[in-house]
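One structure below.
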Amino acid sequence: MDVGFVGMGSMGAPMVERMVAAGHSVRVYARREESRSAAKAMGATPVASAVEAAEFADVMTVCVYTTEQVRELCLGPGGVIAAMKPGSVLLIHTTCPPDTITELVSAAGERGVSVVDAPLDGRPKDVAEGDARVLMGADAESRSRIAPVVGSYAGSIIHVGEVGAGQRTKTLNVLLTAAQVGLIADAARLAAQLGLDPAAALHAINQTGVTSRHLQSALTFDEDPTAHAAMVQPFVTKDIRNYGDSFEGLDLGLLGLVVRAYTADDADGDHREPEAHTERTGAFA
């Protein structure tokens, strides 16, 4: 398929590499020369603008960092939606509020373009190995059309409902991730206060009913299991803050504590510009 792509960061770069390896023709827009060179070395075609990436695409893939970047890239007379051909699909991998997807659907509908919201779960290593998880909100026709593209880098394509359901489901994923990694780090610190070796204690707990993927990841940092939380927190902080007022009026229960902790002024990740994370994320690389 003809694929347009924006977001050549640490998640996006292996996506491009795997799409090219699967036989897709990929046109990549990136701001940085090193990203353009990397895309060319992978067999993709660097282009001068996001519009140029979009205008011939069957699937236009967006894997940028923030909601603001999604809106800047996609909407308005100079955005990619205005350049996309009727019958094509706009694929949004960025985690963003559900109402942003609603706005994209409205704008895309005027062009005869479908929107799929498909936030990612996983690490760059998972993408590189073709084992990323995707929470997909899409109608049946769009889901079928993009399957060859997404299937080149995702091991699990989890259909959660119509367009918009992907982002709403990712909300739960982000809050539970933030809660788990924070609790695991706190448990490691408490283990030390109890006179235990934190790594040994968590290895023991990992063999009980409270094992989880995040606990297993924390244990890969044997010298300091809290390092996993330090690595993850800037990203879940970004995502939770990205949701803005999406939580207003909802009964969050204990998850409300997570929202408040990660939106406090002194939360990890505060005042960080997206460009600071370009190498680790899918910003406008």
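Would you be able to tell me the number of residues in the range 89-122 that are part of a strand (DSSP E or B) and either closer than 22 Å to MET8 by Cα or out of contact with any strand residue (DSSP E or B) (no Cβ under 6 Å at 6 or more places or on another chain) (or both)? Don't jump to the end; show me each part of the working.
Let us first name the residues in the range 89-122 that are part of a strand (DSSP E or B), namely 89-92, 114-117, 120-121.
Right, trim to either closer than 22 Å to MET8 by Cα or out of contact with any strand residue (DSSP E or B) (no Cβ under 6 Å at 6 or more places or on another chain) (or both) and you get 89-92, 115-117, 120-121.
Count: 9.
Which pairs do you get when a residue that is assigned by TED's automatic domain parsing to the domain that holds GLY43, found in the range 16-32, comes within reach of a residue that is modelled with pLDDT under 95 and not aliphatic (A, V, I, L, M), reach meaning Cβ atoms under 6 angstrom, with the pair 6+ apart or on two chains?
ARG31/PHE284
Conditions first: (1) of a type outside the set (A, V, I, L, M); (2) within 18 Å of the chain's Cα centre (by Cα); (3) not assigned by TED's automatic domain parsing to the domain that holds SER25. SER156 passes all but one, so which condition is the exception?
It is condition (3) that SER156 fails.
On the basis of being of a type in the set (A, V, I, L, M) and either within 25 Å of SER217 (Cα to Cα) or in contact (Cβ under 8 Å) with a residue 40 or more places away in the chain (or both), does ALA188 make the cut? Give the steps one after another, and end with the answer.
Working: of a type in the set (A, V, I, L, M): yes; either within 25 Å of SER217 (Cα to Cα) or in contact (Cβ under 8 Å) with a residue 40 or more places away in the chain (or both): yes.
Yes: the conditions hold for ALA188.
Got at least one residue in the range 233-247 being more than 30 Å from ALA147 (Cβ to Cβ), part of a loop (DSSP other than H, G, I, E, B) and not β-branched (Val, Ile, Thr)?
No; the residues of the range 233-247 include none that is more than 30 Å from ALA147 (Cβ to Cβ), part of a loop (DSSP other than H, G, I, E, B) and not β-branched (Val, Ile, Thr).
Could you figure out which of (1) small (Gly, Ala, Ser); (2) assigned to a loop (DSSP other than H, G, I, E, B); (3) under 22 Å from the mean Cα position of the chain (by Cα) isn't true of GLY182?
(2)
Among the residues in the range 123-131, are any surrounded by 15 or more Cβ atoms within 10 Å (Cβ to Cβ), of a type outside the set (A, V, I, L, M) and assigned to a helix (DSSP H, G or I)?
Residues of the range 123-131 that are surrounded by 15 or more Cβ atoms within 10 Å (Cβ to Cβ), as a first pass: 123-124, 126-128, 130.
Then drop every residue that is not of a type outside the set (A, V, I, L, M), which leaves 123-124, 126, 130.
With the extra rule that they be assigned to a helix (DSSP H, G or I), the set shrinks to 124, 126.
Looking for residues that are surrounded by 15 or more Cβ atoms within 10 Å (Cβ to Cβ), of a type outside the set (A, V, I, L, M) and assigned to a helix (DSSP H, G or I), one finds at least one in the range 123-131, hence yes.
Pairs please, first residue from the range 41-59 and on the phi > 0 side of the Ramachandran plot, second anywhere and buried (at least 24 other Cβ atoms within 10 Å of the Cβ), Cβ atoms under 8 Å, 6+ apart in sequence or on different chains.
The qualifying pairs are GLY43/VAL26.
All but one of (1) at pLDDT 95 or above; (2) under 22 Å from the mean Cα position of the chain (by Cα) hold for ASN206; which doesn't?
Going through the list (1) at pLDDT 95 or above; (2) under 22 Å from the mean Cα position of the chain (by Cα), ASN206 breaks only (2).
Quick test for you: out of ARG168, ARG143, pick the one residue that is of a type in the set (D, E, K, R), under 20 Å from GLU103 (Cα atoms), within 16 Å of the chain's Cα centre (by Cα) and surrounded by fewer than 21 Cβ atoms within 10 Å (Cβ to Cβ).
Working: ARG143 fails: within 16 Å of the chain's Cα centre (by Cα).
Being of a type in the set (D, E, K, R), under 20 Å from GLU103 (Cα atoms), within 16 Å of the chain's Cα centre (by Cα) and surrounded by fewer than 21 Cβ atoms within 10 Å (Cβ to Cβ) holds for just one of ARG168, ARG143, which is ARG168.
Any residue in the range 63-71 that is surrounded by fewer than 19 Cβ atoms within 10 Å (Cβ to Cβ) and not acidic (Asp, Glu)? Give the derivation first.
Of all residues in the range 63-71, those surrounded by fewer than 19 Cβ atoms within 10 Å (Cβ to Cβ) come to 68, 71.
Right, trim to not acidic (Asp, Glu) and you get 71.
Yes, there is a match, as at least one residue in the range 63-71 is surrounded by fewer than 19 Cβ atoms within 10 Å (Cβ to Cβ) and not acidic (Asp, Glu).
The values are calculated or read from the model by the stated rules, or taken from the named source; none is laboratory data. What you see is a predicted model; the values in this text were computed from it and never measured. FYI the Cβ positions are ideal-geometry reconstructions off the backbone, even for glycines, and counts take in every protein chain you see.
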